[in-house]
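The values are calculated or read from the model by the stated rules, or taken from the named source; none is laboratory data. Keep in mind that this is a model prediction, so the values were computed, not measured. Neighbour counts run over all protein chains shown; Cβ positions are idealised from the backbone, glycine included.
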Amino acid sequence: MKTAHFRRYELIFKQPGGTSRGILTTKETFFLEITENGRSGLGECAVFRGLSYDDVPEYEHKLAWLCANINQDKETIQFELQHFPSIWFGYEQALLNLNNGDRVYFPSSFTEGKSAIKINGLIWMGEVSFMQKQIQEKLDLGFDCIKLKIGVDWDAEKEILWKLRRQFVASELEIRVDANGGFTFKQAKQILEELAELEIHSIEQPIKAGNPVEMATLCDTTPTPIALDEELIGTVDSIAKTQLLNEIRPQYIILKPSLVGGVSGTDEWISLAAQHGTGWWITSALESDVGLNAIAQYTFTKNPQLPQGLGTGGLFTNNTESALVLNGDQLSMKIKGD
């Protein structure tokens, strides 16, 4: 018989993280542990307040329900948690870890420390000097793909992008931008043109989610590829997912397992994207190193062709012990004892 319990944990940012939605100083998360026959498995239920589909008052009650019903069959639990993607993902992680042992969720050459994942370097919003400092640090580390958060001061952000592009042509440095829905439809139409002049790889979520007609219009006419991110949150069944891709026809989708239904939810999005000729990459969502480790291991199994949007665990002062190591832009797993 399995037993389970959960605990709340608050991650503290080393320095405030700026997005078009505001400044982040802390990040709430929950750890779920499942025990059976003297073995245990650990997962992270990484609710993202203000963004997650399951940011609801009864969140902890649902976690308590899961712990009380941990011996129900998986299909019953999945049905019960269909509107709680981060809890479902934590449950998936804990079971995988229970079966595979210490720090391992998806055994592979990645978990053996023999392979790595190429990632982009994330640049947080802030004063121009702060953003430029981050960019230089990423370039010094050897990143040739960076992602800038934009949408607060476009004129200043555009100047940073022009300076970068004058220094590095597109074949030398891939630049992605993420607006987090920070622009209006009218603004976005003009900005997409300006981004094309800069040879920007893609822009994530130029306008707010929930405007499918406007987003479809942008995706149909854009000179700069558009990636959907927040637009996917809350779309939980296959029919709705297919309808979204049919209606908007984005060039890319961004998959955050904690927000889109864990392993099974991400698998489904990837399968549907292939049918629609839509590109994708996987991104973490400010998880602790527990969730980040699981996401990295899962991502490797999907044979990613593009730089992925995985964090490095370095944002927080009180993160859990890391199983990951970054060498340049290559994220790999440390072998225990190293």
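One table, with the values for the structure above:
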{"item": "Leading residue by the ranking (nearest to Ser171 (Cα to Cα)) among those in segment 201-225 that are of a type in the set (A, V, I, L, M) and crowded, with 24+ Cβ neighbours inside 10 Å", "result": "Ile203"}
{"item": "Selection status of Thr235, over 23 Å from Asp55 (Cα atoms) and among the β-branched types (Val, Ile, Thr)", "result": "no"}
{"item": "Which numbered condition Glu112 misses (of (1) in a loop (DSSP other than H, G, I, E, B); (2) among the acidic types (Asp, Glu); (3) under 26 Å from Asp54 (Cα atoms))", "result": "(3)"}
{"item": "Residues of segment 273-295 satisfying the condition of being of a type in the set (Gly, Ala, Ser), surrounded by fewer than 23 Cβ atoms within 10 Å (Cβ to Cβ) and assigned to a helix (DSSP H, G or I)", "result": "Ala273, Ala274"}
{"item": "Residues within segment 161-195 that are surrounded by 17 or more Cβ atoms within 10 Å (Cβ to Cβ), part of a helix (DSSP H, G or I) and not charged (D, E, K, R), tallied", "result": "6"}
{"item": "Residues of segment 201-236 satisfying the condition of being in a loop (DSSP other than H, G, I, E, B), touching a Lys or Arg at 6+ places or on another chain (Cβ under 8 Å) and more than 23 Å from Gly265 (Cβ to Cβ)", "result": "His201"}
{"item": "Meets criteria (in contact with a Lys or Arg (Cβ under 7 Å, 6 or more places away or on another chain) and either farther than 30 Å from Leu331 by Cα or of a type in the set (D, E, K, R) (or both)) for Ala240", "result": "no"}
{"item": "Matching entry among Ile270, Ile248 (being modelled with pLDDT of 95 or more, over 11 Å from the mean Cα position of the chain (by Cα) and buried (at least 22 other Cβ atoms within 10 Å of the Cβ))", "result": "Ile248"}
{"item": "Residue selected from segment 139-172 under the condition touching a Lys or Arg at 6+ places or on another chain (Cβ under 8 Å) and at pLDDT 95 or above, by the criterion nearest to Ile233 (Cα to Cα)", "result": "Lys147"}
{"item": "Matching option when the condition is closer than 27 Å to Ile150 by Cβ and either exposed (fewer than 12 other Cβ atoms within 10 Å of the Cβ) or touching a His at 6+ places or on another chain (Cβ under 7 Å) (or both), among Thr25, Thr76", "result": "Thr25"}
{"item": "Residue in segment 52-68 that is in contact (Cβ under 8 Å) with a residue 40 or more places away in the chain and of a type in the set (Lys, Arg) present", "result": "no"}
{"item": "Hey, Ile77 in a loop (DSSP other than H, G, I, E, B), among the hydrophobic types (A, V, I, L, M, F, W, C) and either at pLDDT 95 or above or in contact with a Phe, Trp or Tyr (Cβ under 7 Å, 6 or more places away or on another chain) (or both) or not", "result": "no"}
{"item": "Flag if Val263 is modelled with pLDDT of 95 or more, buried (at least 19 other Cβ atoms within 10 Å of the Cβ), part of a helix (DSSP H, G or I) and out of contact with any helix residue (DSSP H, G or I) (no Cβ under 6 Å at 6 or more places or on another chain)", "result": "no"}
